[in-house]
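Here is the structure we will look at, set down as C-alpha cells.
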Amino acid sequence: MKRFLALLLALVMVFALAACSSSSSDAEETETEEATEATETTETEAETETTEAAEDGETVIQGLEDGVLTIAMECAYAPYNWTQYDDSNGAVPISGSDGEYANGYDVMIAKLICEYYGWDLEVIRTDWDSLVPGVQSGIYDAVIAGQSMTEERSEQVDFAGPYYYASIVCVTLADSEYASATGLTDLAGGTCTAQIATIWYDSMLPQIPDAQIQTAAETAPAMLMALETGSVDFICTDMPTAMGAVAAYDDMVILDFSDSDDNFEADEGEINIGVSVMKGNTTLKDAIDAVLSTMTVDDFNELMDEAIAIQPLSED
C-alpha cells in the first residue's frame, strides 16, 4: 500500500510539472506574439504619420529632417563668399571655427532660402575641389559657392537655379599693354590663368589665340594675386568676381567683350551659377527652385551689388 501511494504521488507531481511547463511555454509564445504585434503597429503608425505629413503638405525633404540646411563654400571667393571676423552685415558663423563668420552673395541667397522655410543655416568651409565630392557623399546638403552649372558637374550633381546669370570677362592691370583690348585677338600671346576646375580655365582661356596658359590658381584670391604681382598678364573669370576684384584692387580693370563678335563662346546654361545638391535629391532641389523662381534677374543683380559693396577690401 505504501509503495502504491508513493507511486501515485510521483505520477501526480510529473503531471503537475508538465502542466506548469506547458503554461510557461504558452505564456512566452503569447508575449512574443504581443511584442511582434506592438512593433508592427509602431512601424505602421510611423509610416502613417509620414504619409499624413506628406498629405498635409509637410513634404519630407531629404537631408532636412533636422530642420538645418547645411551648405558648403570656400569662404574665400568674394563677392560670392568670404570670411570675416564679426557678424556685421548679416554674416553667419562658420561651423567649427570660433570667431569666424561667412558672408557674401552665396550667404545672402542661403539665408533667403532658410527664411522662406523656417530652416536653420549651417555653413561649412571647404576647399573648391571638395565641394562636389562632399555633396555627393552627403557631408552637406547643398553647395552654394558660385559654381557654374557646367555639363560635367551636372553629371555628378543636380543643380537648382540659376541664382545668378553670369558672363565671362577678363581682368588685367590698368597700366598693362592689354588694358585697351577690345576682343580676344588683342589678348593673343599673353600669359594668363584662372581658378582651377572652372569653365574659365578649362574652356575659356584656350579660346584666346596663342595664349600662354599658366598653372591654374587654387583659389580666386590666388588668381587675383597672380595678376597683382605680375605673374600673368590677365586672368579670366565671371563678371561678379571681376567686379569684386576691381572694388578691392584699384589698379585692375575689366575687359568685357560681350558687345564684340570677338568674344568668348560659351553655352549660357554652363556659365550661369547654380546650387548643387546630391544627384536624385529632387525634394531639396525643388524646394530651392521654388524660392529662386520668385526672384528676377534684377533681384539677383541688386543682391550682388550689395555683396560687392560690403565685401572686405582684402582677405587674409
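Please indicate, with yes or no, whether at least one residue in the stretch 185-207 is crowded, with 16+ Cβ neighbours inside 10 Å, touching a Lys or Arg at 6+ places or on another chain (Cβ under 6 Å) and under 17 Å from GLN147 (Cα atoms).
No, the stretch 185-207 contains no residue that is crowded, with 16+ Cβ neighbours inside 10 Å, touching a Lys or Arg at 6+ places or on another chain (Cβ under 6 Å) and under 17 Å from GLN147 (Cα atoms).
Enumerate the helices (runs of 4 or more DSSP H) found wholly within the stretch 102-155, keeping only those where 1 or more residues are over 21 Å from PHE300 (Cβ atoms) and small (Gly, Ala, Ser).
The qualifying helices (runs of 4 or more DSSP H) are 131-137.
ALA216: modelled with pLDDT under 95 and either basic (Lys, Arg) or within 26 Å of the chain's Cα centre (by Cα) (or both), yes or no?
Spelling it out, it is not the case that ALA216 is modelled with pLDDT under 95 and either basic (Lys, Arg) or within 26 Å of the chain's Cα centre (by Cα) (or both).
Return a yes/no flag: does the stretch 93-115 have any residue that is farther than 20 Å from PRO133 by Cβ, open to solvent by 60 Å² or more (accessible area, probe 1.4 Å), among the hydrophobic types (A, V, I, L, M, F, W, C) and modelled with pLDDT of 95 or more.
Among the residues of the stretch 93-115, at least one is farther than 20 Å from PRO133 by Cβ, open to solvent by 60 Å² or more (accessible area, probe 1.4 Å), among the hydrophobic types (A, V, I, L, M, F, W, C) and modelled with pLDDT of 95 or more, which makes the answer yes.
Pairs, please: C-beta under 7 Å, at least 6 apart or cross-chain, first residue on the phi > 0 side of the Ramachandran plot and in the stretch 178-202, second in a helix (DSSP H, G or I) and not β-branched (Val, Ile, Thr)?
Pairs found: ALA197/TRP128; ALA197/ASP129.
Taking the stretch 208-226, which residues are crowded, with 16+ Cβ neighbours inside 10 Å, among the hydrophobic types (A, V, I, L, M, F, W, C) and in a helix (DSSP H, G or I)?
ALA220, MET223, LEU224, ALA226
Report, ordered by the first and then the second residue, all pairs with beta carbons closer than 7 Å, sequence separation of six or more or different chains, a first member in the stretch 70-82 that is among the aromatic types (Phe, Trp, Tyr), and a second member that is part of a loop (DSSP other than H, G, I, E, B) and open to solvent by 10 Å² or more (accessible area, probe 1.4 Å).
If the second residue must be part of a loop (DSSP other than H, G, I, E, B) and open to solvent by 10 Å² or more (accessible area, probe 1.4 Å), the pairs left are TRP82/ALA76; TRP82/GLN311; TRP82/PRO312; TRP82/GLU315.
Within the group PHE300, PHE257, which residue is part of a loop (DSSP other than H, G, I, E, B) and surrounded by 15 or more Cβ atoms within 10 Å (Cβ to Cβ)?
Residue meeting the stated conditions: PHE257.
Of all residues in the stretch 132-153, which are touching a strand residue (DSSP E or B) at 6+ places or on another chain (Cβ under 7 Å) and within 22 Å of GLU268 (Cα to Cα)?
VAL132, VAL143, ILE144, ALA145, GLY146, GLN147, SER148, MET149, ARG153
Residues that are part of a helix (DSSP H, G or I) and of a type in the set (A, V, I, L, M, F, W, C): does the stretch 163-170 have at least one?
no
Report the residue count in the stretch 116-153 for those that are within 15 Å of GLY274 (Cβ to Cβ), open to solvent by 20 Å² or more (accessible area, probe 1.4 Å) and touching a Ser or Thr at 6+ places or on another chain (Cβ under 6 Å).
Total meeting the criteria: 1.
Out of curiosity, is THR229 surrounded by fewer than 16 Cβ atoms within 10 Å (Cβ to Cβ) and over 29 Å from the mean Cα position of the chain (by Cα)?
Answer is yes for this residue.
Take the conditions of a type outside the set (Val, Ile, Thr), within 26 Å of VAL132 (Cα to Cα), open to solvent by less than 40 Å² (accessible area, probe 1.4 Å) and touching a residue at least 24 places away in the same chain (Cβ under 8 Å) and apply them to ALA266. Does it pass?
Judged against the criteria, ALA266 is not a match.
Output the residue which, of all residues in the stretch 154-181 that are of a type in the set (S, T, N, Q) and out of contact with any strand residue (DSSP E or B) (no Cβ under 6 Å at 6 or more places or on another chain), is surrounded by the fewest Cβ atoms within 10 Å (Cβ to Cβ).
SER180
Search the stretch 260-296 for residues being among the polar types (S, T, N, Q) and outside any helix (DSSP H, G or I), and hand back the single one that is farthest from THR198 (Cα to Cα).
THR294
The values are calculated or read from the model by the stated rules, or taken from the named source; none is laboratory data. Computed from a predicted model, the values in this text were never measured in an experiment. So basically every Cβ, Gly included, is an ideal-geometry build from the backbone, and we count neighbours across all protein chains shown. Surface accessibility is based on the protein's heavy atoms, side chains included, excluding ligands, DNA and RNA. Shrake-Rupley method; radii C 1.70, N 1.55, O 1.52, S 1.80 Å.
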